[in-house]
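Read the structure below first, then the notes.
The values are calculated or read from the model by the stated rules, or taken from the named source; none is laboratory data. Bear in mind the structure is a predicted one, so any value in this text is a computation, not a measurement. Positions of Cβ are backbone-derived with ideal geometry, glycine not excepted, and every protein chain shown enters the neighbour counts. Protein only, heavy atoms only, side chains kept; ligands, DNA and RNA dropped before computing areas. Shrake-Rupley method; radii C 1.70, N 1.55, O 1.52, S 1.80 Å.
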Amino acid sequence: MRKKTISLICALTLCFTLSSPALAFNIEEKTPELTADSIRDAYLNSEQFQAHLRDDPAGAMQTLNHVIDRLLTPSASPMQTTPEDDYAWVDTVLVKQLNSISCGPACGYMAIYGAGEASSIPGSSTTAKLQNLASEMGTASGVGTYVYRVANTLNDYISTYQYDYFSGDVLSESNFRLYAYNSLAHDRAPILHARTEYLSYYNGHATGHYITVADFDYDTMTMELYDPNNNSRYYGIHTVDWQEAYDCFTIPSGRYVILYA
């Protein structure tokens, strides 16, 4: 994997304003109404989290408590020291999902590959590895893949800088940019639990879908999406404005982004 030149300054508050013109956005203060109770309510009212709570109550509550702590505690902020610091990425590979319901395993494979752990997935071919991931994630017709199963499976292969899933109902724009950057900087590709109608290259086609984020360029404020869709109209590498990536899991309720934060 290529060496990254990225500077991360820890323990800065969310209201810190970046001084570099190349990183021309502010890290906003926490939304005043964002409280432990409001975050908890957003998760408890989510079908995705309810599935996690049914299947693994202790694990679900551990995830929720971590998210609450993360969102309500001042966090690290990326700081530019050289032009290279405008850009965070993972070295991964684009794969196509095996069928109409297996976008979760495909995105999981791309994230595990980007973390340098693809060789640890059972299987002698990419197809076999995708099949094994689908089995591990419980991917099924009529259900697809639950968000928590994607995150848990990623963490089965990755021992450090582990993934959590953040609800779009409570994640601010500034936190999304910050967390996505830091996740990429640690070779942890974010995965969008998207609604496709909010992505311009879908031209209004509406469905639920997982898509991997492979880079974030602060110079252009764009993200590169690795879309595993088995429909050739949408499959491929797409560069979109960061706002599209944010909108696709925050405008609709009950959607998530899976990343390290």
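For the range 134-157, backbone nitrogen atoms closer than 14 Å to the point 7 Å from residue 99 Cα along Cα-to-C-beta are found at 134-136, 138-145.
Per q in 0.13, 0.22 Å⁻¹, report the Debye log10 I(q)/I(0) for the range 127-241, using one uniform scatterer on each alpha carbon and no solvent. Cα-only, vacuum Debye calculation for the range 127-241: -0.55, -1.58. Taking a sphere under 12 Å around the Cβ of residue 43 and counting the other residues whose Cβ falls inside, with K and R at +1 and D and E at -1, yields a net charge of -4. Note on residue 207 and residue 251: the extension gain reaches 14.5 nm, defined as 0.36 nm multiplied by sequence separation minus the Cα-Cα distance. Apolar share of the accessible surface for the range 104-261: 40 percent from carbon plus sulfur atoms, 1.4 Å probe. Remark: the range 226-243, residue by residue, has Karplus-estimated 3J(HN,Hα) of 9, 9, x, 3, 7, 8, 5, 5, 10, 4, x, 9, 10, 9, 10, 4, 4, 5 Hz, where x stands for each Gly or Pro and the curve is 6.51 cos²θ - 1.76 cosθ + 1.60 at θ = phi - 60°. In sequence order, the range 197-207 has phi-based couplings of 5, 8, 10, 4, 6, 8, 6, x, 4, 10, 7 Hz under the Karplus curve 6.51 cos²θ - 1.76 cosθ + 1.60, θ = phi - 60°, and Gly or Pro positions carry x.
Note that the range 140-261 presents 32 Å² accessible area per residue, ligands and nucleic acids not counted, probe 1.4 Å. The order of the peptides 229-240, 193-204, 37-48 by mean Cβ neighbours within 10 Å, most packed first, is 193-204, 37-48, 229-240. Note that the range 44-52 has calculated 3J(HN,Hα) couplings of 5, 8, 9, 4, 4, 6, 4, 5, 4 Hz, one per residue in order, obtained from phi through the Karplus relation 6.51 cos²θ - 1.76 cosθ + 1.60 (θ = phi - 60°); glycine and proline are x. Summing charges over all other residues whose Cβ lies under 10 Å from the Cβ of residue 62, with Lys and Arg as +1 and Asp and Glu as -1, gives -2.
Quick check for you: which residues of the range 178-198 have the amide N under 13 Å from the point 7 Å beyond the Cα of residue 220 toward its beta carbon? Hits in the range 178-198 for residue 220 at 13 Å: none.
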